[in-house]
Each structure stands twice: as C-alpha cells, then as structure tokens.
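The values are calculated or read from the model by the stated rules, or taken from the named source; none is laboratory data. Just so it is clear, the structure is predicted and the values come from calculations on it, not from any experiment. Virtual Cβ from ideal backbone geometry, glycine too; neighbours counted across all protein chains shown.
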C-alpha cells in the first residue's frame, strides 16, 4: 500500500508543473488535495495541513463548493486528531450544510475516512455540544477562516 502512495505522489509531483504551465487551477487544487491525503496517510501531518490549506484557498477562488466541502472535511479530521474537537465540529458541520445546500452527497471513496474522523470528533465533545450546529450556520468565508486559522486557534466567529 505504501508503494501506491509513493507512486501516486510521484505522478502528482510530475503533474503539478504541467498544470501550472497549462493554467489548470482546478487540477492543481485537486492535486494538492490528493497529495494532502497521501501526506496524511504517510503520517506527514504538517505537510497534509499545508496542502489542504493551499487547495482550500484555490478552491475558494474557483468557487468549487463540492471540493471545498471535501477539503474542509479533511482539515476537520486533522483538527480532531490534534484534539481540536470544537474546530473540527465547526468544519464538519459547515461541510455537511454545504453538501446539503448544493446537493452533493459524500463520495463513497471519502466515506470511511469521514465516518472515522467525525466519530472521533464526537468523542472529543460533550454530548450536548452545540459545535456541529454552530458550524452549520457559518458563512462560507467564516468556515474558510476557521480552517485557515493558526492551529490551536479558532477564527472569530
């Protein structure tokens, strides 16, 4: 399995300069997201956060809400595993509301990681925590600010 990650990373690393030359911003954002997933799987948390954040900024610029949801969920999972339960729940809550608003169900390929990360997030919170509901009410810009805030801090909501 590690070989698959190494091969995928090699291909994305070869693709990124081509995407830049072609002006393929959407492809670049997706490549950064996928490289973030690879980094996470390899235990390279800091690299994963950087790649997901870079992807998020570009996806915001492109207005790709489906991919924004994917990336916010990825960042939520990483936040949860850093013990940032409320931040993770805010991002998960917003992504869930966004998916609902744009009729974009969770892709089957993302489901296992999402379920594991969201279950872990719930374990960090009190049962009556409003964090998920707060996330559902955030604006897109507030959710992005939350995702891009320095680790350990939440954006002013």
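Is it the case, given these coordinates, that residue 39 is in a helix (DSSP H, G or I) and in contact (Cβ under 8 Å) with a residue 40 or more places away in the chain?
No: the conditions fail for residue 39.
Which residue is nearest to residue 148 (Cα to Cα), if the candidates are limited to the range 17-56 and must be touching a helix residue (DSSP H, G or I) at 6+ places or on another chain (Cβ under 8 Å) and surrounded by fewer than 15 Cβ atoms within 10 Å (Cβ to Cβ)?
Among them, the one singled out is 45.
If you scan the range 139-154, which residues turn out to be in a loop (DSSP other than H, G, I, E, B) and under 16 Å from the mean Cα position of the chain (by Cα)?
149, 150, 151, 154
In the range 77-106, what count of residues is obtained for those that are surrounded by fewer than 12 Cβ atoms within 10 Å (Cβ to Cβ) and within 14 Å of the chain's Cα centre (by Cα)?
Summing the residues that are surrounded by fewer than 12 Cβ atoms within 10 Å (Cβ to Cβ) and within 14 Å of the chain's Cα centre (by Cα) in the range 77-106 gives 0.
Considering 123, 118, which residue is outside the structural domain of residue 31 (by TED's automatic domain parsing), touching a helix residue (DSSP H, G or I) at 6+ places or on another chain (Cβ under 7 Å) and part of a helix (DSSP H, G or I)?
118
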